[in-house]
Amino acid sequence: MSRVKMKAFAVVAAAGALALTLAACNNGQSASPGNSGEKGGGNATKDMTITFQNINPDPSTPSYKMIKQIVSQYEQNHPHVKIELDSLNTDQQKLKLKTQAAAKEVPDITIVNPAAQMKPFVDAGLLAPLNDVADKEGLKDTFQDGLLNYYSFDDKLYAFPDGNNIEVVFYNKELFEQAGIQKLPTTFDELISAVKTLKAKGITPIAIGEKDSWTGSLLFMNILLRTNEGPNFLNDVLDGKKTFNDPAFVEAVDAFQELVQAGAFPDGATSIDYNAGGNIFKTGKAAMYIMGTWETGSIDASPVAGKVGAFQFPTVNGKGNVNEYVIAPGSAFAVSANSEHLQMTKDFLHYFITEMPKIQFELKNAIGSGQKMKGDLKEAGYSELAISLNELFKNIKGGDLAFDNTMNPAIAQAHLSSIQNLFVQQEDSAQVAKEHQNTFEANK
């Protein structure tokens, strides 16, 4: 089983102030494809289509606009190339890619997730190594030190990430004020109290889209990071130092269920997908949204812009350090090893990754970028929310990757289903832990 040791805190800390060197090649200018046509070199002289699967289906978001803008620019400069977008939500894309992978029909460009999630695709020989793309014009040096390691196996790079984020609690200041909540929660008990107060006022406390089951797991990992009193619980399980029957895991399940039983989440949460769940918060219908900082630009482009702040996930039963986070090296762009237009696809991806940090900064969507940038956020018109989050990156003390980026797919899927089930019915926490351990032993 492949796993990534927990070095993410250093990587994400490097994302601190965006006053770093702008590492987009050519000082942010469009990279020339050069000898980058099909076999034998040269630019494309016949019509070809590159399929580009992505997870940005919502036209209102900056990430969607970024993709459309870069694709449009490339097509204008390469009239013989058509970039065909297949835009899906996260779980839809994961499911579709599994089906495509089974048939060895992976799109020219697709989305993978780091470490354990992408390893099966690498082992199956479905992804093309991208070291040549990374080395061209110094593209690899545009990324934060160490970040590309999460997408590399046996010294071969297989994907370029779209970000490097931490998970925080976004909150609607107006709804907190309406509910009479004057102090931001710093303990789990205070969070539960806020949930009950909001619920009593007829306000949905926490938005979530648990149809995409990773969302509940990501929230759960915040709790486990606290009850374990620090990172590396899952790594310790992998190393045989702990089991899922450990009191820290049982305590985390209990606390998670306390949130559910307090009425924290929307009715029918397991039938609401990620985008719809986020929109509950972005349209002012929920008071909190516990999600990665990649949502910052989207929130600032929504109806609640200017009304949102953020705070760190609180301690749980007096345990944990609020400067430790669930850390999310981003979903990443990979290339099919069987692409009919492999060289041109690599060319486009090089152009895309080169342009991405510049366009993201312009679209006020640079918080949580995995690439080095420069610029004064205030002068560039970034929100108070974005500036405050940028400050949090400076004090990161450590963290954990998501469950499904650490454990192999069989164990991860059982976990995702288990957490999703807790939204539907209350379970004995010790039994939940035992089922996790049984699955781990059967699939390790």
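The values are calculated or read from the model by the stated rules, or taken from the named source; none is laboratory data. Note that the coordinates shown come from a computational prediction; the quantities given were computed from them, not determined experimentally. FYI the Cβ positions are ideal-geometry reconstructions off the backbone, even for glycines, and counts take in every protein chain you see. Side chains are part of the model used for accessible areas, which takes the heavy atoms of the whole protein and leaves out ligands, DNA and RNA. Shrake-Rupley method; radii C 1.70, N 1.55, O 1.52, S 1.80 Å.
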Which numbered condition ILE419 misses (of (1) surrounded by 22 or more Cβ atoms within 10 Å (Cβ to Cβ); (2) within 23 Å of ALA255 (Cβ to Cβ); (3) over 19 Å from the mean Cα position of the chain (by Cα)): (3)
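Per-residue answers, yes or no, for (1) open to solvent by 50 Å² or more (accessible area, probe 1.4 Å); (2) under 18 Å from ILE111 (Cβ atoms); (3) not hydroxyl-bearing (Ser, Thr, Tyr):
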residue	(1), (2), (3)
GLY320	no, no, yes
ASN323	no, no, yes
VAL335	no, yes, yes
SER339	no, yes, no
GLY370	no, yes, yes
Scan of the range 363-390 for residues that are part of a loop (DSSP other than H, G, I, E, B) and small (Gly, Ala, Ser), ordered by number: ALA366, GLY368, SER369, GLY370, GLY375, ALA380, GLY381, SER383
Qualifying residue in the range 167-187 (condition: open to solvent by 10 Å² or more (accessible area, probe 1.4 Å), among the basic types (Lys, Arg) and touching a residue at least 60 places away in the same chain (Cβ under 8 Å)): yes
Filter result (under 25 Å from ASN235 (Cα atoms) and not aromatic (Phe, Trp, Tyr)) within the range 112-140: VAL112, ASN113, PRO114, ALA115, ALA116, GLN117, MET118, LYS119, PRO120, VAL122, ASP123, ALA124
Qualifying helices (runs of 4 or more DSSP H) (wholly inside the range 1-116; at least 1 residues being at pLDDT 95 or above and either charged (D, E, K, R) or open to solvent by 80 Å² or more (accessible area, probe 1.4 Å) (or both)): 62-77, 90-102
Checklist (1) in contact with a helix residue (DSSP H, G or I) (Cβ under 6 Å, 6 or more places away or on another chain); (2) at positive phi applied to GLY180, failing item: (1)
Residues (within 12 Å of PRO114 (Cβ to Cβ), outside any strand (DSSP E or B) and aliphatic (A, V, I, L, M)) located in the range 135-189: LEU147, LEU148, ALA159
Residues located in the range 252-295, provided they are acidic (Asp, Glu) and open to solvent by 40 Å² or more (accessible area, probe 1.4 Å): ASP254, GLU258, ASP267, ASP273
ASN279 assigned to a helix (DSSP H, G or I) and farther than 22 Å from THR187 by Cα: yes
